[in-house]
Structure formats: C-alpha cells, structure tokens
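What follows draws every value from the coordinates through simple rules; no lab data is involved. Every value quoted in this text rests on a predicted model; they were computed, and no experiment measured them. With ideal geometry, Cβ positions are generated from the backbone for all residues, glycine too; neighbour counts draw on all protein chains shown.
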Amino acid sequence: MSFVNQELDQLSTRFSASIGIGGDSYVSQVDSGPAEIGNSQPPGFVNAATPLEAQSSSSSLSSETIALEVEGCTPSSLRRTHSSNGSTNDNSNAGSHSTNATSNSDSPIITASILDEEYAMNHKSRGLCLIFNHEEFDNCGRRSGTEQDAYCLKKSFEYLGFEVQRYDNLRCSEIIETLALVSESDHSDADCFCCCILTHGEGEHLHARDQPYAKNSVFGLFTGEKCPTLRGKPKIFFIQACRGTNTDHGVQVDCHHDAVQQPGVKINQVQCIPVWADFLISYSTVEGYYSYRHTAKGGWFVQALTPILEALGTNYDLVSILTAVNKDVAFNLNASPGKQIPQIVCTLTKKLIFRSKPYPVRRLTQFIAGDSDSQQIQSPNNALPPDNSRVTENS
C-alpha cells in the first residue's frame with residue numbers, strides 16, 4: 001500500500017508542476033469560491049484561444065444577470081463589468097479599470113435626468129376634459145351629492161387650462177357615441193386628454209342611466225391604434241364609482257413608523273404596452289370595494305382631489321399629487337361603515353405636470369353637435385356647507 005501511495009503522490013506532483021501550481025494552491029483556490037459551471041480547466045488556467053477580457057467579463061456577471069439570461073431577457077442596463085475595486089461601470093472592456101461612463105459600451109448610460117423628463121405642455125391647447133355626471137338612473141338609486149363633485153371638477157380643470165364639457169345622466173349609447181367622436185377627432189394641438197366619470201359601478205363595469213357598460217370600452221377608444229393624434233400624449237381618467245361590495249374596515253397602524261414596500265412585489269399593470277402607453281387611470285377605490293360619497297358635499301375622492309389639483313397641479317407631477325390624495329382619503333376621512341383608499345393605474349412614461357401657459361388657452365372645436373354647456377346645471381359659487389342631516393352613501 002505504501003508503494004501505491006508513493007506512486008499517487010508522484011503523479012499528483014508531476015500534474016501540478018505541469019500546470020504551474022502546487023497542490024496546496026489548487027485546494028485553496030477551489031475553496032475561495034465556486035468554480036464556473038462547464039469549465040473543466042483548473043483555476044489559474046488561461047486558454048490562449050480565448051481573450052483575457054472575455055474571460056474576465058464572463059466571470060464578473062452577477063447572479064441576478066445570470067438568472068435573467070436564463071429567462072432570455074437580460075436588460076442591457078444590467079450588462080456591466082466589475083472593476084478591480086469591486087465597483088461597476090458600463091465599460092464593455094472588462095480588462096480596463098476605468099469607471100468612465102462615457103467609454104465605449106453597448107449599454108445605456110443611466111443618469112438622474114430620466115427622472116426629470118416631462119410631457120410637452122407647449123401645444124396651443126391644454127386639451128379636452130369630459131365629465132360624465134350621473135345622478136339619476138332607470139334601475140339604480142339616486143347619487144345625491146354628485147352635483148358638487150361635477151362642479152368642483154369643472155372648476156379645477158378649467159383652472160388648469162382644460163376645455164371642459166359636461167354631460168349629465170347620459171344613456172349608454174350616448175356615452176359611447178360621444179367618446180367615439182372625441183377619439184376620432186384631431187388632438188394634434190392638445191397637450192393631453194382627460195375624462196371624468198361619476199357614477200355607480202361594480203367590478204369591471206360602470207353604470208349609464210339605462211344600463212351598465214364595460215370600463216375598458218371607454219379606455220380602449222384612446223389607445224395609440226384608435227386615437228393616433230394622442231399617441232405619446234397623456235390620457236387621463238378619473239373614476240368616482242364603487243368597484244365591488246366589500247367594506248374596508250381598516251387596520252391599526254403605528255404612525256411613527258412608515259411601511260416600506262417589500263422588494264419583488266408585483267402590481268397589476270395595463271397590458272399591451274406600447275399601445276396602452278401614456279395612460280393614467282385614477283380610481284376612487286380599489287377593485288372589489290365600496291367608494292363613499294357624502295350626499296351633500298360629494299365623493300371623498302373628488303373632494304380630496306380637486307383642492308390639491310388646483311393648488312399644486314402647475315408645479316408638481318400628477319402621480320405625486322394623486323399619492324397625496326391617496327393619503328388624504330386613507331387617513332383623514334372616516335365613515336361608520338369603513339375606510340377607503342384610491343388606486344392609480346399608470347403607464348405614463350414621463351412626468352405629467354400641467355405647466356402654466358404664457359398665452360390664453362386656445363379653445364378646441366366642439367366635437368359633439370350642440371354645445372354641452374347647455375346641459376350644465378348652475379352650481380353655487382361656494383362649496384356647500386356641512387350638513388349633518390345628510391349621510392354617507394356608496395357611489
């Protein structure tokens with residue numbers, strides 16, 4: 001047995017010497033980290049047929065990048081190499097230790113400027129804002145208080161420069177016809193488009209005066225395919241309506257500690273990007289839950305939205321404004337049945353800020369036969385005072 005052991009030792013020594021390392025050194029390198037999968041050469045071996053830069057680049061891939069490559073969707077922004085001090089850079093030459101982001105690379109250079117890009121608000125017109133206000137129904141209960149919401153929305157969007165057209169208690173066919181005509185019209189001179197719907201709702205449907213209709217039949221009319229003159233421009237929808245019959249009873253929260261969203265949590269998004277790009281849909285409540293409305297002062301969501309929109313809409317982006325509205329509704333409003341939290345569905349690709357225009361806003365041509373202003377109900381100049389005799393209802 002001793003003879004066999006001596007022979008094995010001699011073979012091991014000759015093999016180690018042939019590749020330029022000792023046995024102890026070989027074991028040490030293996031223990032320092034896992035060997036690359038599929039690489040039969042021992043550590044320290046350099047294949048003359050393979051450039052050193054290519055080998056360094058392949059070995060520097062992070063586990064996240066490798067995992068993405070397995071799925072076949074490695075983002076170019078993740079294809080970065082590691083410098084000798086452990087930092088990352090966009091240089092495609094892994095042999096270079098430079099951290100200069102302007103060096104030759106196929107990867108995009110990510111800078112903070114992408115967070116500052118805004119939609120153009122320098123067209124001749126701000127755009128059209130449609131308000132579909134529903135108080136009377138053939139088969140549903142009366143929506144008392146919605147008059148105040150419609151008034152506040154009209155006031156706020158006119159302040160921001162929109163041409164507001166309001167329609168009250170339309171039937172389903174009239175709503176779709178109106179929206180179809182607007183979709184087919186020329187919006188080349190407009191910054192954006194806005195639509196507000198105040199009605200009863202449940203699940204994926206909203207109620208017209210005579211019957212329910214799918215909300216996607218509204219949104220779908222303004223995709224890049226259906227409305228080409230609004231391509232690349234914001235399409236904004238505000239929906240004040242119930243989305244189910246669940247009641248949010250609320251939970252206790254420690255106000256001294258902010259909750260942090262956990263990484264990897266996915267949220268539902270509008271599908272078919274980029275056809276569905278540049279949409280912002282703001283719901284008064286989350287799917288499946290009630291939306292509350294005071295019978296005199298209006299809906300919680302609209303009454304929280306309009307004052308913030310008027311005060312901050314020309315200087316702050318709309319998503320940030322709506323986030324503040326979410327907080328206001330969630331923490332500052334209470335009803336005996338339960339709580340409420342609005343929801344934002346967003347495929348915007350830039351910041352949306354209704355920048356003030358240095359000249360009078362141009363009025364767009366009326367899309368619908370007959371001026372919609374004739375349908376408007378005169379509202380008081382001031383908000384209705386609190387009325388304790390009125391109750392909170394579901395929208």
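Only Lys, Arg, Asp and Glu carry charge here, each on its Cβ (+1 for the first two, -1 for the last two); on that basis region 101-247 has a dipole of about 180 debye about its Cα centre. Along region 228-238 the Karplus relation, 6.51 cos²θ - 1.76 cosθ + 1.60 evaluated at θ = phi - 60°, assigns HN-Hα couplings of x, 6, 10, 4, x, 10, x, 10, 10, 10, 10 Hz to successive residues, with x for each Gly and Pro. In order along region 171-180, the phi-based Karplus estimate (6.51 cos²θ - 1.76 cosθ + 1.60, θ = phi - 60°) of 3J(HN,Hα) comes to 7, 4, 4, 5, 5, 5, 5, 4, 5, 5 Hz; Gly and Pro are listed as x. If R₀ is 30 angstrom, what is the calculated FRET efficiency for the pair GLU158 and GLU117, using the beta carbon separation as r and rounding to 0.05? The pair GLU158/GLU117 has a calculated efficiency of 0.65. The lysines within cross-link reach of LYS327, meaning a Cα-to-Cα straight distance under 18 Å and a gap of 8 or more places when in the same chain, are LYS339. Our coupling estimate for region 277-287, obtained by passing each phi through the Karplus curve with A = 6.51, B = -1.76, C = 1.60 and θ = phi - 60°, is 6, 6, 9, 9, 10, 10, 9, 6, 8, 7, 4 Hz, Gly and Pro reported as x. At full extension, ASN246 and SER356 could sit 35.5 nm farther apart than now, given 0.36 nm per residue minus the alpha carbon distance.
Put simply, the amide H of ALA208, placed in the peptide plane, has neighbours under 5 Å in TYR213, leaving out anything fewer than 5 places away on its chain.
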